[in-house]
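Report on one structure; see the data block that follows.
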Amino acid sequence: MEKIKSFQVDHRKLDKGIYISRIDGDIVTYDLRFCKPNSGTVLDNVTMHTIEHMLATFLRNSEFKDDIIYFGPMGCQTGFYLLVRGSVMGNDVLALVKTVLKQTTEHTGEVFGASEIECGNYRTLELESAKRACGEYLEILNGVNDIVDYNYVNSR
Ligand SMILES: [Zn+2]
C-alpha cells in the first residue's frame, strides 16, 4: 500500500496548532490540532461532536462560506480537518478559525443541529465542554503567526 500523506508527517514533531496537511489542486486541507499527538490527552467524543456542530455552522455562515469544502473531526481525537478552497489565503483562514472559535466560546443557547431530525446522535452534545476546548485552542492560535505545512514540520 502507498503511504497516505497524513501518515508521512512525523507526529512526534507536531504540537498543538494549525498546519497545512495537504493540497489537492484547488483544495487545501488544514490540520487543526487541538491536542499534541500521543500526549495522553485527546478530545472526548461529546466535545468533538459539539465542536463539529458549532464550527461547521459558523464556518458555513462566514464571509468565506462558499469556500468551505468540509470540516470534521480526526479519528485520533486530537483535532479536526478543515478543507478550504485554495483561493483563500492562509492568513485569512487563520483569522477565520480564530473568529469561529471566539463565536463558539461566546455562544449561548442551543447547540446548532441538536435534534433527532438534524443529527445521527443528538444526545451526545454539550456546549460547555466545547466552549472550554475552543477557548484553550484559541489561546494557542493567538501565538501562531503563520501556518506551516507538514514538509516544514518534518524538516525541523
Ligand atoms: Zn451530530
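No value in this document is a laboratory result; all are computed from the given coordinates. Treat the numbers as computed from the prediction; the structure is a model and nothing was measured. Every residue, glycine as well, gets a Cβ built from its backbone with ideal geometry; the counts of neighbours run over all protein chains shown.
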- Item | For segment 16-156, radius of gyration divided by Kirkwood radius, i.e. Rg to Rh on alpha-carbons | 0.95
- Note on the structure: With Cα coordinates, the longest principal axis of the chain makes an angle with the long axis of helix 127-141, in degrees rounded to 10, of 30 degrees
- Query: Counting Lys +1, Arg +1, Asp -1, Glu -1, what net charge surrounds T104 among other residues with beta carbon under 14 Å of its beta carbon?
  - Reply: -2
- Nitroxide proxy distance, nm - points 7 Å out along Cα→Cβ at R123 and R156: 4.4 nm
